[in-house]
Structures are given as C-alpha cells and as structure tokens.
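What follows is a set of notes on a single structure, which appears directly below.
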Amino acid sequence: MSTFSLNGLELGVATAATQVEGGEIDTNWHRWAKMPGRIADSSTPARAADHWNRVDEDIELLRRLGVKHYRMGLEWARIEPAPGVYSLEALGHYVDELTKLREAGITPLVTLHHFNNPGWLESTGAWARSHTIGVFERYVYRVMEAFQGLVTDWVTINEPNVYATKAYLAGDWPPGHKSLPEAVRVMEHLSYAHIIAYKLIHDMVPDARVGVAHHLRAFRPSRKWHPIDQVAHFGMDYLFQSVIMRAMSLVRFRAPLKQPQHVRPGKYYDFQGINYYTPSEVRNLREGPGRGVPVNDLGWEIYPEGIAELARSVSKDYPGPIYITENGTADANDSFRPLFIHDHLKQLVESELPIERYYYWCFTDNWEWAEGEEPRFGLLGLDYDTQERVWRDSAAFYADIIANDGVTEDAYQRWVASRAYNTN
Ligand code: IFM
C-alpha cells in the first residue's frame with residue numbers, strides 16, 4: 001500500500017550545532033578543518049547554515065513545515081569558552097531560541113554532545129582521558145541550570161560508536177588518532193559520561209526523558225553460507241553497536257569494555273534513540289553497500305526495511321519508547337528523497353513497534369563533517385553563498401504528511417509515484 005496514516009508517530013527534524021550554526025568558534029572541528037586535506041571540499045564549519053544569526057527565520061520555516069519536534073545541538077565551546085568559564089551570552093542565546101520554539105508549539109530535544117569539543121578540551125586529550133567525564137558533568141549541570149523549565153527531552157551523546165571509531169580508530173576525524181586501545185577507552189568514557197549525565201538530569205528534572213542517539217547499521221552477511229561472513233557480521237554488530245548500547249543503557253559493560261567500579265547495573269534510558277541511514281554488507285572482513293542496490297549521493301545503500309529490523313531488535317532488548325533521532329539521505333537534486341521518506345515512514349508505521357517520534361536529518365543542508373558542504377541532506381536546500389533556504393519538494397511532501405497525519409493518495413501521486421532510486 002502506498003498510502004498510510006502515521007498512527008500516532010510524531011514528526012520532527014534534526015540538526016547539530018557545529019553543522020548549522022556557523023561562526024568562528026574554537027572547537028575540535030574548526031581546528032581540524034583549517035588543516036590542509038582534512039575536509040573533502042576544504043570548507044569549514046564557519047559558515048554552515050548561519051543558523052546562529054537566523055534563528056527567527058528558521059523557526060518560521062519549522063512552523064511552516066508543521067513539525068511538533070525539533071532536535072538541536074549545543075556548541076559546548078560557545079557555552080564554556082575556557083575551562084570553568086561559562087558564557088551567559090551563549091546560554092542566553094539558547095534560552096531565547098528554546099523559548100521561541102516553545103512559543104511556536106515545537107518541543108525541543110537537546111543534544112549535549114554531537115562530535116564537538118571545545119578546543120581547550122581537545123588540547124588536553126578530550127575523551128581519551130577519564131578527567132573529561134567530570135568536565136562534561138559540570139557543563140551539563142550549567143546547561144540544566146540555565147534551561148530550567150524549557151527542556152525535558154535530552155540526548156546526552158550522539159553516535160558514540162561513530163565518534164570513537166572515526167576519531168580514534170580510523171583517524172579520519174579530530175584528533176586523527178589510530179589506536180584500538182584508545183578507541184575502547186573513549187567508548188568507556190562516553191558510556192560513563194552518559195550514565196552520570198542521565199542521573200544528574202533526573203536529579204534536576206525528575207520527569208525528564210533522556211537517551212542516547214545510537215547510530216545503528218543493519219549488518220548482513222554477503223554470502224549467507226560463508227562462515228567468515230557469518231562470524232564477521234555478528235562480530236561487527238557486537239563491536240560497533242551492541243556493546244556500547246548495552247553499556248550505556250544498562251551499565252552492563254562487556255568485553256572489550258571494562259565495567260566501571262562505582263555504578264551498579266540499572267536502567268539508564270527513557271527512550272532509545274536510533275539514527276539509521278544504511279545497512280552494511282559484510283564480506284570477509286570488509287563492510288559496505290551491496291552490489292546492484294539503491295544508493296544515495298554518497299554511495300550509501302538505501303534499505304528501508306533496515307529501520308524496522310533494527311527497531312524490532314532494539315525493542316526486544318530494551319523495552320520502552322523508541323525515537324528515530326535521525327534518518328535521512330544525501331540527494332542534491334531532491335530526486336528520490338520523497339520516496340526515501342515515504343518508504344522509511346511506511347516501515348515504521350507498519351511495524352507496530354512503540355516508535356513515538358521520527359526526526360528527519362536534516363532540517364536544511366548542512367556542513368557534513370569531513371565531507372564538507374557537498375552532501376545535501378536537507379529537507380530544505382541551502383545556497384551557502386547567499387544563505388537562502390530553498391523549499392524543496394521534500395519539504396512540501398513532509399509538511400503535507402504532517403498536515404494530513406499520513407500519506408494521502410494525492411500526496412503519493414504528486415511527490416512519490418514518479419520517483420526512483422539510483423542503483424550502484
Ligand atoms: O550529519 C551526520 C550527523 O551529524 C550524525 N549522523 C549522521 C549524519 C549524516 O552523516
């Protein structure tokens with residue numbers, strides 16, 4: 001069936017501070033982007049979507065989309081420009097933005113860490129050092145104090161597995177280290193930081209909803225009969241995602257992570273956040289897209305069934321609400337994005353799982369880390385030179401889904417029926 005009703009699923013859009021705000025801030029990424037050869041198109045986060053100066057315009061666009069939810073990140077370096085020094089101006093700016101979102105009837109979901117560290121923290125070892133856990137706790141306390149009454153929904157850490165592996169194992173992201181023991185240590189520290197932040201937020205706001213945005217891949221063996229592909233796909237699933245999800249959610253640290261001394265196992269999530277983009281086919285010890293499959297502009301395989309498969313497995317292991325904290329695709333011409341949105345939402349509403357929210361990534365085009373400005377994930381397009389926001393067909397389709405509480409036959413015919421994926 002091509003039409004469907006949302007059945008209570010609430011829609012929103014997501015962003016992250018470093019990817020949309022712009023500005024010359026001293027973060028790990030601003031430093032990294034200034035080093036030759038680090039960013040595919042040599043861009044930096046200094047312009048991004050200039051959201052810091054366009055909050056009113058962007059909230060107006062959110063209103064026009066009709067979204068109930070907006071996931072936004074904080075730039076820690078703005079809030080704490082030097083160790084222990086907090087900027088009332090930056091906190092005030094966010095308070096103002098949150099107040100305006102509330103007035104527009106939009107519920108904010110605030111991410112405390114989304115791959116971004118203040119430069120001074122990066123200089124002293126960032127997440128490779130256990131000291132950072134206490135520094136993070138102090139920052140969370142200051143943020144909570146400032147945002148009283150404005151925020152109940154929190155993501156403590158975004159995609160801890162991606163951050164640890166890209167920044168400390170593959171060396172593609174700042175600080176560019178390539179060390180397995182260090183990557184494992186970073187996973188332990190991020191897990192522990194989440195647990196501490198979870199407790200702190202609940203001490204300060206008892207009815208808060210706190211979770212992690214986990215990046216999950218739908219791993220599959222390339223050759224079902226092949227023992228290496230079989231073992232390797234389970235191994236990758238375990239090491240890349242299951243182990244850290246369990247540590248953060250239940251304080252059950254399994255090898256290679258070490259159980260922390262002072263915290264008892266318990267439940268440390270109010271929702272499970274899933275960021276889903278692509279499956280991963282495992283052949284020998286390598287992973288990547290399958291062959292002859294639909295792909296996006298970055299070559300990532302498109303497999304809508306994966307979102308429901310992952311949600312089902314998360315729901316079995318972690319009873320409770322699920323938020324799709326990110327799902328989206330890079331499609332510069334907006335040629336298949338409406339189809340992508342349709343296919344993924346359909347999987348979710350038909351799954352009959354407790355999936356309460358879906359945040360499309362991203363609200364507008366944005367600075368895509370080491371890939372720079374090239375990939376276009378936005379529901380709304382962005383002209384980086386003029387900062388003009390462009391209302392794509394995808395935005396019109398998304399607004400229509402929200403207005404009609406589902407995909408109508410008219411909407412399907414108008415925005416989806418004639419579109420097709422590109423294959424590799
Ligand atoms: O842009 C990123 C985001 O910061 C984290 N999740 C994946 C997105 C697309 O790569």
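Each value in this text was obtained by applying a stated rule to the coordinates, not by laboratory testing. Just so it is clear, the structure is predicted and the values come from calculations on it, not from any experiment. FYI the Cβ positions are ideal-geometry reconstructions off the backbone, even for glycines, and counts take in every protein chain you see.
Kindly provide the set of residues from the range 191-213 that are within 16 Å of the ligand (Cβ to nearest atom) and either more than 11 Å from Trp154 (Cα to Cα) or aliphatic (A, V, I, L, M) (or both), ordered by number.
If the condition is that a residue be within 16 Å of the ligand (Cβ to nearest atom) and either more than 11 Å from Trp154 (Cα to Cα) or aliphatic (A, V, I, L, M) (or both), then Val212, Ala213 are the ones that fit.
If the requirement is being surrounded by 19 or more Cβ atoms within 10 Å (Cβ to Cβ), over 19 Å from Trp76 (Cβ atoms) and without any contact (Cβ under 8 Å) to a residue 40 or more places away in the chain, which of these qualifies: Ala170, Ala183?
After ruling out the rest, the residue left standing is Ala183.
In the range 319-343, how many are farther than 24 Å from Thr107 by Cα and assigned to a loop (DSSP other than H, G, I, E, B)?
Matching residues across the range 319-343 total 7.
Identify the residue in the range 144-158 that is buried (at least 22 other Cβ atoms within 10 Å of the Cβ) and not hydroxyl-bearing (Ser, Thr, Tyr) and, among all such residues, is farthest from Asn28 (Cα to Cα).
Only one residue fits best here, namely Val151.
Answer yes or no as to whether Gly378 is within 16 Å of the ligand (Cβ to nearest atom) and free of Cβ contacts under 8 Å to residues at least 40 places away in the same chain.
yes
Just to verify a result, which residue in the range 152-166, among those that are outside any loop (DSSP other than H, G, I, E, B) and either more than 13 Å from the ligand (Cβ to nearest atom) or β-branched (Val, Ile, Thr) (or both), is farthest from Pro206 (Cα to Cα)?
Ranking the qualifying residues of the range 152-166, first place goes to Thr165.
Which one of these does Ala193 not meet: (1) part of a helix (DSSP H, G or I); (2) surrounded by fewer than 20 Cβ atoms within 10 Å (Cβ to Cβ); (3) under 22 Å from the mean Cα position of the chain (by Cα)?
Exception for Ala193: condition (2).
Every residue, every condition in (1) over 21 Å from Glu60 (Cβ atoms); (2) part of a loop (DSSP other than H, G, I, E, B); (3) under 16 Å from the mean Cα position of the chain (by Cα), yes or no:
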position	(1), (2), (3)
Glu356	yes, no, no
Tyr360	no, no, yes
Gly381	no, no, no
Arg389	no, no, no
Asp400	no, no, no
Ala403	no, no, no
Arg419	yes, yes, no
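If you scan the range 305-333, which residues turn out to be away from the ligand (no atom under 16 Å from the Cβ) and buried (at least 21 other Cβ atoms within 10 Å of the Cβ)?
If the condition is that a residue be away from the ligand (no atom under 16 Å from the Cβ) and buried (at least 21 other Cβ atoms within 10 Å of the Cβ), then Ala308, Ala311, Val314, Ile322 are the ones that fit.
Can you pull out the helices (runs of 4 or more DSSP H) entirely within the range 12-102 that have at least 1 residues that are farther than 22 Å from Trp127 by Cβ?
17-20, 55-65
Hey, can you tell me all the residues within the range 1-54 that are more than 16 Å from the ligand (Cβ to nearest atom), hydrophobic (A, V, I, L, M, F, W, C) and over 21 Å from Val390 (Cα atoms)?
Met1, Phe4, Leu6, Leu9, Ile25, Met35
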